[in-house]
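Pasting in a structure now, in structure tokens, and then I'll have a few things to ask.
Only the coordinates and a few stated rules stand behind these numbers; no lab work does. Because the structure is predicted, anything quoted here is derived from the model rather than measured. Ideal geometry is used to build each Cβ from the backbone, glycine not excepted, and the neighbour counts take in all protein chains shown.
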Amino acid sequence: MVICQHTLFTINTHSLIFSHLSQSNTNKTQRRSKFIMSTTGQIIRCKAAVCWEAGKPLVMEEVEVAPPQKHEVRIKILFTSLCHTDVYFWEAKGQTPLFPRIFGHEAGGIVESVGEGVTDLQPGDHVLPIFTGECGDCPHCHSEESNMCDLLRINTERGGMIHDGESRFSINGKPIYHFLGTSTFSEYTVVHSGQVAKINPEAPLDKVCIVSCGLSTGLGATLNVAKPKKGQSVAIFGLGAVGLAAAEGARIAGAGRIIGVDLNPKRFEEAKKFGVTEFVNPKEHDKPVQQVIAEMTNGGVDRSVECTGSIQAMIQAFECVHDGWGVAVLVGVPSKDDAFKTHPMNLLNERTLKGTFFGNYKPKTDIPGVVEKYMNKELELEKFITHTVPFSEINKAFDYMLKGESIRCIITMGA
Ligand code: NAD
Ligand code: ZN
């Protein structure tokens, strides 16, 4: 990273965007141009929560954030939330450790400046950075069916930007690694423009920031993949944030019965708010869960969505759907050596098994529509938000998640 080419610019953290937002429309335009001139092309110094070592509390540091390069945008993050994937890579068990690193991938913010070649975003746009992208130009992006972009598909090993492999973050010239191309635990971040969804500027970013990852994964698994018909029964395996989002999808689709399956009975109380009315704890039954569910539903559920990551639950979720029409959708990420084993007759008897990544949503094309569902009061987000902390107390968000107390904890930047 070449720092000396740019004048260093220290920014007041509550800064320009907030004041710019409170202006009338005419003033907004004037403010916007003033805003562009003040930081575009400059290095910005701001606060970021840096992870120096696996499993150690994040440390609030002043970092330098370089201007966006080709096909990149620099975003002022206003709200971010913590997801299990951050915690998993923070713990760095079973992966190549990459530190120091700035985590964070669920967030909402405002574009501060754009790099060369970015034509669909401009300073002032309200956006959600997304951990997986849409280049718009590969066979997957051209396919109506896929969201698994060749260029910008999730890559947990990459610590720099695609354009040049370099990091845009540094402390005293020492680079700090990116995470999932988003690194939202920083007041400013640089993201590939293909990983940025432009959303309705009226949408409250402190709520819709959770749409960036887990919420859309579960919601889309039900609405886009399982596709229950009105009145049908849906079993949700795993009642964590992703499973509860899948249940929210079932509620929106008008499911007649939503059956929650979890080994942890504490999850059942919370799940009632999400329209889950019947519960099965596999530990409380001598019979296989498939059989328990078949007996409850006269032969099997119409749809099931697995959100656990347990291979047993994946097999159960498939075998508990009704023959003739049942559809099971796998969302959980299994362990490396797991293998899915079922008798082929279960498939021949016209059960369908599917899997999905990010709820089959194309990040740029479809995520603005999920935000609109919230704006139209079709989708409820508030019930997912159990905690809020200021950025300076970000480590508390990790504690809540590790203790299993939170569904989503919103981290307010600039606080
Ligand atoms: P979570 O840990 O909060 O919830 C998982 C729940 O599953 C827990 O309540 C746990 O008690 C329950 N569970 C575990 N084993 C079970 C079993 N055998 N039977 C019944 N319940 C069981 O996790 P989360 O954040 O909600 O994520 C759920 C899964 O989704 C994870 O595997 C995660 O990696 C995966 N995920 C997938 C995608 C994707 O795009 N496919 C995206 C994000 C997350
Ligand atoms: Zn693509």
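Give me a comma-separated list of calculated 3J(HN,Hα) values for segment 350-361, in order, Karplus coefficients 6.51, -1.76, 1.60 applied at θ = phi - 60°, integers in Hz, x for any Gly or Pro.
Running phi through 6.51 cos²θ - 1.76 cosθ + 1.60 with θ = phi - 60° gives 6, 9, 10, 10, 10, x, 8, 10, 6, x, 6, 7 Hz.
For the chain, give me the percentage of DSSP beta bridges that are antiparallel, rounded to the nearest 5 percent.
About 55 percent, rounded to the nearest 5.
Using the Kirkwood formula over every pair of different C-alpha atoms, what hydrodynamic radius in Å results for segment 168-208?
Result for segment 168-208 stands at 12.2 Å.
Taking N as the number of residues in segment 122-207, what is its Cα Rg relative to 2.2 N^0.38 Å?
1.19
Write down the radius of gyration of segment 290-415 and its Dmax, each obtained from C-alpha positions, in Å.
Expressed in Å, the Cα Rg and Dmax of segment 290-415 come to 19.0, 57.
Report the local net charge at Ile385: Lys and Arg +1, Asp and Glu -1, summed over other residues whose C-beta lies under 11 Å from its C-beta.
0
Most mobile of Leu379, Leu347, Leu78 per a Gaussian network model of the chain (Cα springs, under 10 Å)?
With Cα springs under 10 Å in the chain, the top fluctuation among Leu379, Leu347, Leu78 is at Leu347.
Determine which lysines satisfy two conditions relative to Lys377: a Cα distance under 18 Å, and not lying fewer than 8 residues away in the same chain.
In chain and number order, the partners are Lys207, Lys273.
Cross-link partners among aspartates and glutamates for Lys266, C-alpha distance below 19 Å, same-chain residues fewer than 8 apart left out?
Correct list for Lys266: Glu248, Glu278, Glu284, Glu306, Asp399, Glu405.
Now for a different question. Counting only residues 5 or more places away or on other chains, whose amide H sits under 5 Å from the amide H of Arg408 once H atoms are built in the peptide plane?
Under 5 Å from the amide H of Arg408: Thr386, His387.
Per residue of segment 204-213, in order, report the coupling 6.51 cos²θ - 1.76 cosθ + 1.60 (Karplus, θ = phi - 60°) as ³J(HN,Hα) in whole Hz, putting x for Gly and Pro.
Ordered by residue, 3J(HN,Hα) equals x, 5, 6, 9, 6, 4, 6, 5, 4, 9 Hz.
Oh, and also: How large is ³J(HN,Hα), in whole Hz, for each residue of segment 377-389 in order, when computed from phi with the Karplus curve 6.51 cos²θ - 1.76 cosθ + 1.60 and θ = phi - 60°, using x for Gly and Pro?
Residue by residue, segment 377-389 yields 6, 7, 10, 9, 9, 3, 5, 7, 8, 9, 9, 9, 9 Hz.
If you consider only alpha-carbon coordinates, what radius of gyration and Dmax does segment 325-375 have, in Å?
15.7, 45
How high is the FRET efficiency from Ile171 to Asn298, r the C-beta distance, R0 60 Å, rounded to 0.05?
It comes out at approximately 0.45.
Stokes-Einstein at 20 °C, 1.002 mPa s, Kirkwood radius from Cα pairs: D for the chain in µm² s⁻¹?
So the translational diffusion coefficient is about 97 µm²/s.
So which GluC sites (Glu not before Pro) in segment 36-138 end up in coil per DSSP with only 15 or fewer other C-beta atoms within 10 Å?
Qualifying residues, ordered by number: Glu53, Glu116.
Something else now. Just add up the charged neighbours of Gly55: K/R +1, D/E -1, any other residue whose Cβ is under 15 Å from the Cβ of Gly55.
Combined, the nearby Lys, Arg, Asp and Glu give -1.
Another question, if that's okay. At each listed q (0.14, 0.24, 0.26 Å⁻¹), what is the log10 of I(q)/I(0) that the Debye formula gives for segment 268-363 modelled as equal alpha-carbon point scatterers?
Debye curve over Cα of segment 268-363, log10 I(q)/I(0) at q = 0.14, 0.24, 0.26 Å⁻¹: -0.56, -1.41, -1.47.
Pairs Lys229/Lys287; Lys93/Lys403; Lys70/Lys364; Lys47/Lys174: which exceed 21 Å Cα-Cα?
Lys229/Lys287
Quick one: Cα centre-to-centre distance for segment 241-287 and segment 150-166, in angstrom?
36 Å
Next up: Pairs of Cα atoms under 8 Å, at least six residues apart: use those to get the relative contact order of the chain, whole percent.
Numbers: 992 pairs, mean separation 63.8, N = 415.
Value for the chain: 15 percent.
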